[in-house]
């Protein structure tokens, strides 16, 4: 009887199998990146709704209720003796005032007329903590200011017109660009209601300039 030696073929992955594995890995990585982008987008929209929009609504509600501009003159929680329809550059804790004290600053004045203060993730109505894609965590600070726009915007027209604005400092650049897309429909830091400050230059590269100052032009008065 003749015996035949059995030889086992050990064959590696075929090119097709390798390609399938690479495709699966690519899909997994793509889904992870897409998921990260969706999370960041949701955070940006939350910032807009809970901070930017809430302050815009608060300013307009105060105007509708009192006929005055919050932060304009002492009677409206501002810092000047007279009113001129413009924010008095409310840019520090003293000017913002104390919560629960109707005689102190902007916050007290808002409460005095029965308006709720915007709530944020810092516990302070005029600051908001946000982690940008390249900036890391930053505390964005709001000021109520009257600034010139190089071209018409909001309720103004012409060149170098003064506008009441929500002025934001230390804002992550990727957040500012995302807000510009939400508010104006495109990212152009030199035009529209939401702009780079100063608005003589467009939004910078997010990788080289991680934070910016920005202004949101309000239609008040």
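The values are calculated or read from the model by the stated rules, or taken from the named source; none is laboratory data. Predicted, not measured: the structure shown is a model, and the values here were computed from it. Reconstructed Cβ throughout: ideal geometry from the backbone, glycine too, with neighbour counts over all protein chains shown.
Structural remarks
- Contact map, the stretch 48-63: first residue in contact (Cβ under 8 Å) with a residue 24 or more places away in the chain and on the phi < 0 side of the Ramachandran plot, second residue surrounded by 15 or more Cβ atoms within 10 Å (Cβ to Cβ) and in a helix (DSSP H, G or I), Cβ cut-off under 7 Å, separation 6 or more or different chains; pairs are 48/179; 48/182; 52/179; 58/110; 62/110.
- Among the conditions (1) under 23 Å from residue 49 (Cβ atoms); (2) at pLDDT 95 or above; (3) in contact with a strand residue (DSSP E or B) (Cβ under 7 Å, 6 or more places away or on another chain); (4) not in a strand (DSSP E or B), residue 212 misses just one, which is (4).
A quick yes/no check of all residues on (1) farther than 21 Å from residue 183 by Cβ; (2) touching a strand residue (DSSP E or B) at 6+ places or on another chain (Cβ under 7 Å); (3) at pLDDT below 95; (4) buried (at least 21 other Cβ atoms within 10 Å of the Cβ):
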site	(1), (2), (3), (4)
68	yes, no, no, no
71	yes, yes, no, yes
94	yes, no, yes, no
98	yes, no, yes, no
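- Residues that are at negative phi, in contact with a strand residue (DSSP E or B) (Cβ under 7 Å, 6 or more places away or on another chain), at pLDDT below 95 and buried (at least 19 other Cβ atoms within 10 Å of the Cβ) do occur in the stretch 131-146, at least one of them.
- Residue satisfying all of: in the stretch 73-92; buried (at least 20 other Cβ atoms within 10 Å of the Cβ) and within 23 Å of the chain's Cα centre (by Cα); farthest from residue 147 (Cα to Cα) among these: 90
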